[in-house]
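Structure record follows, encoded as structure tokens.
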Amino acid sequence: MAVKEHHTGISANEKSRGFLPLQSNEVSSKRCEGFHRKTIDSLISSDRPVWEQIEKEYTRQKASLQLVAAENRCSAAVLAALGSILQNKTAEGPAGERLHGGCRVVDEIERLAIERAKETFNAQYANVQPHSGTQANQIVLNAVLQKGDKILSLPDEQGGHFSHGSATSITGKLYKVEHYHLDKNTFRLDYDEIRKKAKQCRPKMIICGASAYPRVIDFGNFRKIADEAGAFLLADISHISGLIIAGAHPSSINFAHFTTTSTYKPGGPRGGLILMGKDHNQKINFEGKNIAIEKLLEQSTFPGIQGTPYFNHIAAKAVFFNETLSDEYRHRQFKIVENAKRLASGLVKAGLDVVTTGTDNHLVLVNVGGIKMGLTGDIAQKALEECGIVVDKIDLPYQKKGITSGIRFGTPIVTKIGMGPEQMELAALLVCSVLRAIKLTGRGGYEIDRQVRHKAIEEIAGLCKTFDKEGF
């Protein structure tokens, strides 16, 4: 799919005020290229210790099986934009309304990122300034809620996210937060119970979306519940946004009033994004005036929550959104789901307790407590990493208080480097062999059978070497 050409010259208004056009010539282009090529050499020569740590991290990422559900890998082009001279530009406010001078170029970059974000998500509004998914959530809440207003959300210990209302987060401190919960038997969303809870507590905002929920989320049902309760609906799709772009998961854009996501989980740069669909030009009464929600979002971004945007990150977002329009990107999202399903089935066959017995998306949750008495997610994560398998420890619904009983797997990275169902079956066997070879020694200590550990390390090393690619 082709990306629409975007104007990068100067407007008629700028011409009338005497601005000269900014045109690249061959000399300027070569100087720019040379300047940016020197950045790595400059780091190596000026701060060797930092460079050496970067080398170590490069090796760690390439030489271990990366199964962290919240991670992905961005392209070299995205990395190039992140390391560009745009880092040096400061400005506050939306494009065209900055408080600083010298913004003609970064205005165009931001507008390009906005148009590409709208195209890739089929949205009517996009705000590319948030520094993270969490800040995107804070911007939305700050835009339409007052201190003490009520939020209804899934608690983080059941798969939600701390920014949705954890007592220790600013969300929990500013607003009154009530929770809906997963079904105790199936660990799935119970929409009838969510509806009852919403009618009972009458929240001003309902938040859906999760960081550890392996099944499809019915955004249409959530919107019906929100409308019945007279609430706004915020869909945080950070974990599944790549799948939504490709159609591998139903979209929230025209169901939720607000959709937020991080941009690194689907494979872009660090940052956040706010999107709106059919409700983008809806007006609400704010301090006695009818104001469009999208205008409130801009005011909430700056000066409400954050200051200057990171223009190197916004440029990198624009690059990434362009990449998401490719057939390669969209086909890969379906492969991510296929790999997660195969990993889950392999773990089930090996006798592990997989939450909901499978997955519909990119992640798989496992309860390790059933493998042996006293085994926790924390120990399981450390033991697997010793053997070259990187996962997350995570709380599971209705676990014993104070004990992290789960681990979370994700397949975006292994899929991106070319691994398929056969490798996922092997990964499942290796995971099971390591977890069963753990010997608990008390007070959080453990040992791993040496032979099992050695074999796993060799297998992982061979697997990673087979799928090693230059760059990411």
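The values are calculated or read from the model by the stated rules, or taken from the named source; none is laboratory data. A quick note: this is a predicted structure, and the numbers were derived from the prediction, not measured. Cβ sites come from the backbone with ideal geometry, for glycine too, and all protein chains shown count toward neighbours.
Some notes on this structure:
- Residue within the range 115-122 that is touching a His at 6+ places or on another chain (Cβ under 7 Å) and not hydroxyl-bearing (Ser, Thr, Tyr) present: yes
- For the range 80-111, a tally of residues being free of Cβ contacts under 8 Å to residues at least 24 places away in the same chain and either crowded, with 16+ Cβ neighbours inside 10 Å or basic (Lys, Arg) (or both) returns 4.
- Qualifying residue in the range 128-146 (condition: farther than 27 Å from Ala113 by Cβ, buried (at least 24 other Cβ atoms within 10 Å of the Cβ) and under 22 Å from the mean Cα position of the chain (by Cα)): no
- Residues in the range 338-363 that are over 19 Å from Phe187 (Cβ atoms) and among the hydrophobic types (A, V, I, L, M, F, W, C): Ala350 only.
- If you check Asp449, Asp392 for being out of contact with any strand residue (DSSP E or B) (no Cβ under 6 Å at 6 or more places or on another chain), of a type outside the set (Ser, Thr, Tyr) and not assigned by TED's automatic domain parsing to the domain that holds Gly160, only one passes: Asp449.
- Matching residues in the range 252-280 - criterion: being in contact with a strand residue (DSSP E or B) (Cβ under 6 Å, 6 or more places away or on another chain) and either aliphatic (A, V, I, L, M) or more than 22 Å from Cys208 (Cα to Cα) (or both): Ile253, Ala256, Leu273, Ile274, Leu275, Met276
- Residue that is closer than 24 Å to Gln61 by Cα, modelled with pLDDT of 95 or more and aliphatic (A, V, I, L, M), where the choices are Ala380, Ala315: Ala380
- Only residues that are free of Cβ contacts under 8 Å to residues at least 40 places away in the same chain and among the small types (Gly, Ala, Ser) were counted across the range 252-290, and they come to 1.
- Annotation for the range 389-411: no member residue is in a helix (DSSP H, G or I), in contact with a helix residue (DSSP H, G or I) (Cβ under 9 Å, 6 or more places away or on another chain) and within 19 Å of Ala456 (Cα to Cα).
- Matching residues, the range 199-213, being closer than 14 Å to Thr259 by Cβ and surrounded by fewer than 24 Cβ atoms within 10 Å (Cβ to Cβ): none
- Ser345 more than 20 Å from Leu65 (Cβ to Cβ) and either out of contact with any Phe, Trp or Tyr (no Cβ under 6 Å at 6 or more places or on another chain) or of a type outside the set (A, V, I, L, M, F, W, C) (or both): no
- Test: residue in the range 174-186 that is of a type in the set (Phe, Trp, Tyr), on the phi > 0 side of the Ramachandran plot and either touching an Asp or Glu at 6+ places or on another chain (Cβ under 7 Å) or assigned to a loop (DSSP other than H, G, I, E, B) (or both): no
- Qualifying positions in the range 401-422 - in contact (Cβ under 8 Å) with a residue 12 or more places away in the chain and closer than 24 Å to Gln158 by Cα: Ile403, Thr404, Ser405, Gly406, Ile407, Arg408, Phe409, Gly410, Thr411, Pro412
- Candidates are the residues of the range 129-154 that are outside any helix (DSSP H, G or I) and in contact (Cβ under 8 Å) with a residue 60 or more places away in the chain; the one that is nearest to Asp190 (Cα to Cα) is Leu152.
- Those strands (runs of 3 or more DSSP E) lying entirely in the range 224-337 with at least 1 residues in contact with a Ser or Thr (Cβ under 8 Å, 6 or more places away or on another chain) and either over 23 Å from Thr90 (Cα atoms) or assigned by TED's automatic domain parsing to the domain that holds Ile206 (or both): 232-236, 258-262, 272-276
- Residue within the range 59-66 that is in a loop (DSSP other than H, G, I, E, B) and closer than 27 Å to Gln423 by Cβ present: yes
- Among the residues of the range 423-463, the one identified as assigned to a strand (DSSP E or B) and either basic (Lys, Arg) or farther than 18 Å from Val368 by Cα (or both) is Lys439.
- Which listed residue is within 29 Å of Val390 (Cα to Cα) and not in a loop (DSSP other than H, G, I, E, B), from Glu115, Glu119, Glu157, Glu110: Glu157
- Conditions (1) modelled with pLDDT of 95 or more; (2) surrounded by 11 or more Cβ atoms within 10 Å (Cβ to Cβ); (3) of a type outside the set (Ser, Thr, Tyr): number failed by Gln61: (1)
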